[in-house]
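Below is one structure; the comments refer to it alone.
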Amino acid sequence: MPGKSRMVQLGIMLVLILAMTGLDWSYGAAAADQGPDQAMRSFIDAVVRKDKSAILSFFSPSSPWQYVGYEIGTGKVIATKTVSYQVMTKDFASQKGWYGFFFDEPNGYTFRVNFRPGEMWKKKGRNIFVCPQSDSGNTYVAWRQEGGKWVIQKIGETGP
């Protein structure tokens, strides 16, 4: 049987592991227990904080999401991509691809610049939120329910 100090150390480690796991689950829980408004608020917070694991928790591990890129001025669709959770986790780990969409700042712009602390996006319909700075409405996040949890279905972005 381990000594008392060893058991205390193991107990402390267990508490730390549970606490860290609880932090990651809290964002998924917010999306699961609340409607799309709360899911969007939590997503905005995660993007503002640049929290990779929290951002990933808003995407379905089993169903891909869709990216739609729109041309500035015309609103013409210039890109569509279907993205899996596995691709996102790989890109986030290697700091390439979709990592850049959320975190890089080439020429001062990424999708993240549309997110400001405490600023909620405008609701359009039941589960679509439009960026407050988007005059065209083509920068948006659309949500859907999956297994009782709100996950991102589509992200639209107006860009050059």
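What to note about this one:
- In segment 105-114 there is at least one residue that is acidic (Asp, Glu), at pLDDT below 90 and closer than 15 Å to residue 47 by Cβ.
- The listed residue being of a type in the set (Val, Ile, Thr) and farther than 17 Å from residue 151 by Cβ, out of 89, 80: 80
- Odd one out for residue 102 among (1) exposed (fewer than 14 other Cβ atoms within 10 Å of the Cβ); (2) within 15 Å of the chain's Cα centre (by Cα); (3) at pLDDT below 90; (4) not polar (S, T, N, Q): (1)
- Total residues in segment 132-151, condition more than 16 Å from residue 76 (Cβ to Cβ), assigned to a loop (DSSP other than H, G, I, E, B) and in contact (Cβ under 8 Å) with a residue 40 or more places away in the chain: 1
- Qualifying residue in segment 17-27 (condition: modelled with pLDDT of 50 or more, surrounded by fewer than 17 Cβ atoms within 10 Å (Cβ to Cβ) and of a type in the set (A, V, I, L, M, F, W, C)): no
Quick grid of which residues meet (1) surrounded by fewer than 18 Cβ atoms within 10 Å (Cβ to Cβ); (2) among the basic types (Lys, Arg); (3) out of contact with any His (no Cβ under 7 Å at 6 or more places or on another chain); (4) touching a residue at least 60 places away in the same chain (Cβ under 8 Å):
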site: 59; (1), (2), (3), (4): no, no, yes, yes
site: 71; (1), (2), (3), (4): yes, no, yes, yes
site: 77; (1), (2), (3), (4): yes, no, yes, no
site: 91; (1), (2), (3), (4): yes, no, yes, no
site: 114; (1), (2), (3), (4): no, no, yes, no
site: 120; (1), (2), (3), (4): yes, no, yes, yes
site: 123; (1), (2), (3), (4): yes, yes, yes, yes
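The values are calculated or read from the model by the stated rules, or taken from the named source; none is laboratory data. The model shown is predicted, which means the values in this text are computed figures rather than measured ones. Positions of Cβ are generated from backbone atoms using ideal geometry, with glycine treated the same way; all protein chains shown enter the neighbour counts.
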